[in-house]
Amino acid sequence: MISRIKEIIEYRGMIYSLVQRDQRGRYKRSFLGFLWTFINPLMQMIVYTIVFSVIMRSNIEKYYMFLFVALIPWIFFSGTITGGCVCLSDGAQLIKKIYFPREVLPIAYTISSFLNMLYGFIVIFAVIIVMGYGVNFMALLYLPIIMFIEFMLTLGFALLVSAVTVYFNDLQHILQIVMMSWQFLTPVMYADEMIPDELKPIWNMNPMTSVIKAYRDILYYRQIPHITTLASAAIFAVILLMIGGLVFRILQKRFAEVL
């Protein structure tokens, strides 16, 4: 495992090049180009805010802020999984022609998506400043920690689904449905307090529940996340990263042959 990590680090230049290529090509032929990085989450925020604070009349104060601080991390997580599942298929020509650690492809895709999330946080902090919402600077110190935890969690899933999709291509279509359902089973658009007590143990098995709660504690409630929230998020992330890495190592032996 250690030797594999060292080998991947040795290919950091390739990872950097792939991230650059993905960033440049993501909106290459689009008129608005890079602006879609901001427009997409903003439009989703507007639609959900209208539905849940006007039509369904949620009583959550400053619902737009409550939603936005959770929606940006969720878009990173779901987008990386649904898009990253085909990163090996997209890189089939590279896999067949040259040797490199195959993990490089899902790692590069996850990093590129993570950068897009960071751009989204520019919008979050712009909204905080413009609306005079305020921040807790001590709580903000925990923001990089939960970002890193979510990155590891997302990378674990990306390694897992990208490897399985090579052998079972239908997974990319199944994931579209799964991620849409998963969003409603995660407290992105509603408060954790709305979940019935008897269902909370099931909800807490969702690895994204603790991640979203931590983001919301820091940016919406302006408080330091509970240590149990951070710990559960970190444990989920480490477990998923280990499982994803293990499955990837097992399945990668026939990638070139199957692709």
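All of the numbers you see were taken from the coordinates with simple rules; none came from a lab. Because the structure is predicted, anything quoted here is derived from the model rather than measured. Note: ideal-geometry Cβ built from the backbone for every residue, glycine included; neighbour counts use all protein chains shown.
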* Hey, what number do you get for the chain at 222 nm if only DSSP H runs of n ≥ 4 count, each worth -39500 (n - 2.57), divided across all residues, to the nearest 500? -> -23000 deg cm²/dmol
* **Reduced Cα scattering model of the chain, Debye log10 I(q)/I(0), q = 0.09, 0.14 Å⁻¹** => -0.43, -1.01
* Asked: Assigning unit charges at the beta carbon (Lys, Arg +1; Asp, Glu -1) and nothing else, what dipole magnitude in debye, to the nearest 20, does the stretch 2-258 show about its Cα centre?
  -> 820
* To do: Hand me the tally of lysine pairs in the chain: alpha carbons under 21 angstrom apart, and the pair either on different chains or 8 or more positions apart.
  => 5
* Asked: Anyone know which of GLY244, GLY134, GLY79 comes out most mobile in the 10 Å Cα GNM of the chain?
  -> GLY134
